[in-house]
Amino acid sequence: MMRTFTPWLVLACRLGVGGVFLYAAWDKLLHPQAFAQAIHFYHLVPASLLHPWAHLLPVLEIVVGLALVLGLLQRGAALLAGGLTVVFMVAIAAALARGLDISCGCFHTDGGHGVGLELLVRDTVLLAACLPVVFARRGGPGLDDLRRH
């Protein structure tokens with residue numbers, strides 16, 4: 001069931017989530033080898049998939065981030081952003097459960113923030129910000145408006 005959200009709330013959520021995804025992708029895109037190492041530390045991906053993931057994930061984050069910021073296919077982009085955020089949350093929870101003392105690799109490949117409960121809280125907020133975009137009747141101003149006319 002679609003909910004009524006103010007277009008400005010949806011726009012704020014779109015821009016916030018999209019901006020986070022664009023910012024998160026930048027350093028990973030510039031340093032794929034270091035990002036592959038960060039992925040390796042989670043011990044969730046086979047070695048043969050580390051480099052493909054290290055190249056694919058930042059590109060996907062950029063596509064999702066741009067779609068949200070520009071308001072293009074925004075419901076699908078928010079759904080992908082939410083799905084990726086859930087995957088990140090599962091990886092963080094798995095690392096915490098196994099007692100791994102690692103950098104999350106979220107925004108910076110050169111150390112960055114260590115895995116901890118505050119990351120799960122941050123990602124929960126990010127996931128919650130995806131929901132108005134997914135469930136809104138209208139997504140606020142964006143390129144989707146041009147496709148409707």
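Quick notes
- Subset tally (residues that are assigned to a helix (DSSP H, G or I) and free of Cβ contacts under 8 Å to residues at least 12 places away in the same chain) for region 78-104: 4
- Filter result for Arg138 (over 14 Å from the mean Cα position of the chain (by Cα), part of a loop (DSSP other than H, G, I, E, B), among the charged types (D, E, K, R) and modelled with pLDDT under 80): yes
- Ala95 vs. criteria small (Gly, Ala, Ser), at pLDDT 90 or above, surrounded by 15 or more Cβ atoms within 10 Å (Cβ to Cβ) and farther than 16 Å from Leu11 by Cβ: yes
- When Leu80, Leu100, Leu57, Leu84 are checked against the criterion of being farther than 14 Å from Leu126 by Cα, buried (at least 16 other Cβ atoms within 10 Å of the Cβ) and either in contact with a helix residue (DSSP H, G or I) (Cβ under 7 Å, 6 or more places away or on another chain) or not hydroxyl-bearing (Ser, Thr, Tyr) (or both), Leu57 stands alone in meeting it.
- Checking each residue in region 75-117 for being over 25 Å from Leu30 (Cα atoms) and touching a Leu at 6+ places or on another chain (Cβ under 6 Å) picks out no residue at all.
- Odd one out for Glu118 among (1) under 20 Å from Arg14 (Cα atoms); (2) of a type in the set (D, E, K, R); (3) assigned to a helix (DSSP H, G or I): (1)
- Residues within region 14-46 that are closer than 13 Å to Ile62 by Cα, buried (at least 18 other Cβ atoms within 10 Å of the Cβ) and among the small types (Gly, Ala, Ser), tallied: 3
- Selection within region 28-69 - touching an Asp or Glu at 6+ places or on another chain (Cβ under 9 Å) and either touching a residue at least 60 places away in the same chain (Cβ under 8 Å) or outside any helix (DSSP H, G or I) (or both): Lys28, His31, Ala34, Phe35
The values are calculated or read from the model by the stated rules, or taken from the named source; none is laboratory data. Everything numeric in this text was worked out from a predicted model, so none of it was measured. In this analysis, Cβ positions are derived from the backbone assuming ideal geometry, glycine residues included, and neighbour counts consider all displayed protein chains.
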